[in-house]
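Encoded as structure tokens, the structure appears first; notes follow it.
The values are calculated or read from the model by the stated rules, or taken from the named source; none is laboratory data. Everything numeric in this text was worked out from a predicted model, so none of it was measured. Reconstructed Cβ throughout: ideal geometry from the backbone, glycine too, with neighbour counts over all protein chains shown. For the accessible areas, the whole protein counts, side chains as well, though only heavy atoms, and no ligand, DNA or RNA atoms are used. Shrake-Rupley method; radii C 1.70, N 1.55, O 1.52, S 1.80 Å.
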Amino acid sequence: MKKFKKMLAGLLGAAMVLTSFGTPAWADTTTLKKTPATIDDSYDGKASLTIHKYEYNGMSQGESTGENDATPEGATPLKGAEFTVYKVEDAAYLSSYYTKDEKNRPTVNDYLTKDTSDQSKYVIKSDSVKKTIGAKETNAEGIAKFDNLNFGLYVVMETKHPDSVTVPEKPFLVSIPMTTADGSNWLYDVNVFPKNKTSYGNIELLKVGKNDTPLSGVTFKLEKKVNGTWSDVTKLEEYKDKNKTFDLNTNSDGKISVSDLTNGTYRFVESNRGDENVGYIMNGKAEYQFKIDNGVAKNIDNTAIPNGQIKVINEKPDLTKEVQDRTTGDWKHDSDYNVGDFVPYKITINVPSNITELKKFTVTDTPVNLNDIINNQDSTSAVTLTCNGDPVSGEAYTIASGTGDNANGFVITFSPTEMGKYAGKDIIVNYKAKLLADAVTTTDGNPNTATLEYSNKILPATDSDVDNPSTDKIEDKTVVYTFNLKIHKKSSDDMDLSGVKFDLYKEVKSTVVGAKKGNEFANTGLDAERYWINVAKNLTTDEDGLVNHSGLSNGNYCLVETHTKDGYNLLKAPISVKLNIKYTTEFKQETKTEGGVTTIVKNEIKTQKYDKSDSTGVFENGTVTETVINRKGFTLPKTGDIGTAMFLIIGIGGMLAAVYIMLRGRKRA
């Protein structure tokens, strides 16, 4: 044994690491040196191998000595690298190993073979193993230590490495023991410094809404697939700087930037849309996957991600309610109509692209002093739904009358799973509502409100609220005005005349149902070349000489007196009345939350006002008052009255005078 020790001392010298695949330490091969010392047998079975694992992409720092050398500048400890150590030769083999010529000396290849499942990897030959020492991972300091080793030759393999490693260390040989660099002493606790080439990748997420508007304050989860399971990256040591903080909320530019990601497959998943993004649909089911491959961000199919940026578009539906202007035919938010008119309305629904994922999508129409017509009646059309001019499939929705306080309205309940063909398109709802007799004539007007209620979250199947997510609402309002005509009948001496009757006519287009030329309305005196309809008959003044007719739109009217008070003459011609009331509706936009549901109000009536413009009569808050004056007629005397006797006496006297003059003239002749 003493002879072996002396020979081994001379052969080993400073030899520490014997490699055939590459440089496991900071240096290349070592030089044999003569060591006069004798190996101490008491360390056999007590020696150790300490592996120091660092991230280092710099230049070689010189030879490794086997001692606990200083860490090269720029190198950082690498946690999670696994090394497996095998004893392949006993101490007695070392002497023959070192006596061979270097070219003929066995290498690490003699103990390994290719992995059949992965040709880039190696496995130890079973017949080469004298003893399996086992596997250990480097700790936070990048250290894995193998204790209680016997003297001999060992194969060290990096069997697992963190994802940041792009080029793992190749297998290498190491002898236990070895000498110090100067050959003066033996090292029984050997230190090796295999290095790894590492790389990290960056990714940017851009969150936008409609029209590419950046959305700030949106929160995402960043997860990595580890052993087939998605794990939150915030709980993994995935950053080069282990003290780096995560910020997975979009900034004012709608961006999230993540740097220093290791190799692997990742996904962004939206977890909170942010309070400032009311109306947008949070999609917690969608996965935005990508991978980091040797520091480069790629799509899952290995194609490049343009500019290293993933663009995520948030969906937001919309609803617009409009009423057709009575005179121009334009669609607006206010107009004026007559009581009894069937007022045309239109609701435009912008369907989100992810409609089939929603659980609720409902439109409610709520009229005031109007009655929505949802079935064919009163010569009007029912509610119709079209998309690009074609009828919407009946499988996509149901429509029903409203209930309770909204009995005059309707509800359209859409079936999101049947709406795939309408995703990202507009659905147009057309219908009419009858303006009722109790419609108000003041500036309050008669509003009609449409409300869209929809799911504001798309949740994964594992979420407890997947079938009942929270909702948002979008509301839009229109208003219809109608006016009041008041007739005040007075005598020329300012007496109120009761019991006077009028018919009211309105000038209309020839296409209006019931329109006739003026001469077709007998004994009215209406302009024969214009078209008219009879709006009201027998409007009769009360004891104060007043009569009202409400529910009139702007336009030209004629009052035709059909019966007057005794002793007064009927008006010889119609009285022209013009209603041309200018109304101004100022709308406001607001957001309100009630019962946990947030409503985006697109058009809420803020202020309303009227202006008489060039209307006739006296105007006040929706009412035009027209004063009509009647004069007394001539009074004819009755038979037997003194007036009749006087006329008879005067007549007889005249006749007698005429006879006298005629007789006197004859005598002179």
Residue list for segment 129-149, filter: charged (D, E, K, R) and either open to solvent by less than 60 Å² (accessible area, probe 1.4 Å) or part of a loop (DSSP other than H, G, I, E, B) (or both)
130, 141
Within segment 411-438, how many residues turn out to be surrounded by fewer than 22 Cβ atoms within 10 Å (Cβ to Cβ) and part of a loop (DSSP other than H, G, I, E, B)?
7
Meets criteria (within 30 Å of residue 607 (Cβ to Cβ), surrounded by fewer than 19 Cβ atoms within 10 Å (Cβ to Cβ) and out of contact with any strand residue (DSSP E or B) (no Cβ under 7 Å at 6 or more places or on another chain)) for residue 442:
yes
Within the group 174, 123, which residue is closer than 30 Å to residue 96 by Cβ, touching a residue at least 12 places away in the same chain (Cβ under 8 Å) and part of a strand (DSSP E or B)?
174
Which condition number does residue 454 fail, the rest of (1) of a type outside the set (A, V, I, L, M); (2) open to solvent by less than 50 Å² (accessible area, probe 1.4 Å); (3) touching a His at 6+ places or on another chain (Cβ under 7 Å) being met?
(3)
Could you check segment 188-212 and list, in sequence order, the residues that are farther than 30 Å from residue 276 by Cα and either in contact with a His (Cβ under 9 Å, 6 or more places away or on another chain) or buried (at least 22 other Cβ atoms within 10 Å of the Cβ) (or both)?
190, 191, 192, 193, 194, 195, 196, 198, 201
Checking the condition open to solvent by less than 80 Å² (accessible area, probe 1.4 Å), in a strand (DSSP E or B) and either farther than 19 Å from residue 327 by Cβ or without any contact (Cβ under 8 Å) to a residue 24 or more places away in the chain (or both), which residue from 556, 534, 538 passes?
534
I want to confirm something. Restricting to segment 585-618 and keeping residues that are within 19 Å of the chain's Cα centre (by Cα) and open to solvent by 80 Å² or more (accessible area, probe 1.4 Å), which single residue is farthest from residue 457 (Cα to Cα)?
589
Which of the residues belonging to segment 314-330 are crowded, with 17+ Cβ neighbours inside 10 Å and over 26 Å from the mean Cα position of the chain (by Cα)?
323, 324, 326
Only residues that are in a loop (DSSP other than H, G, I, E, B), modelled with pLDDT of 85 or more and among the hydroxyl-bearing types (Ser, Thr, Tyr): list them for segment 75-120, please.
107
Go through segment 274-309 and report how many residues are without any contact (Cβ under 8 Å) to a residue 40 or more places away in the chain and of a type outside the set (S, T, N, Q).
7
Top-ranked residue in segment 341-372 [being open to solvent by 30 Å² or more (accessible area, probe 1.4 Å) and part of a loop (DSSP other than H, G, I, E, B); ranked as farthest from residue 581 (Cα to Cα)]:
359
Taking only segment 566-618 into account, find how many residues are in a strand (DSSP E or B), under 20 Å from residue 478 (Cβ atoms) and among the hydrophobic types (A, V, I, L, M, F, W, C).
4
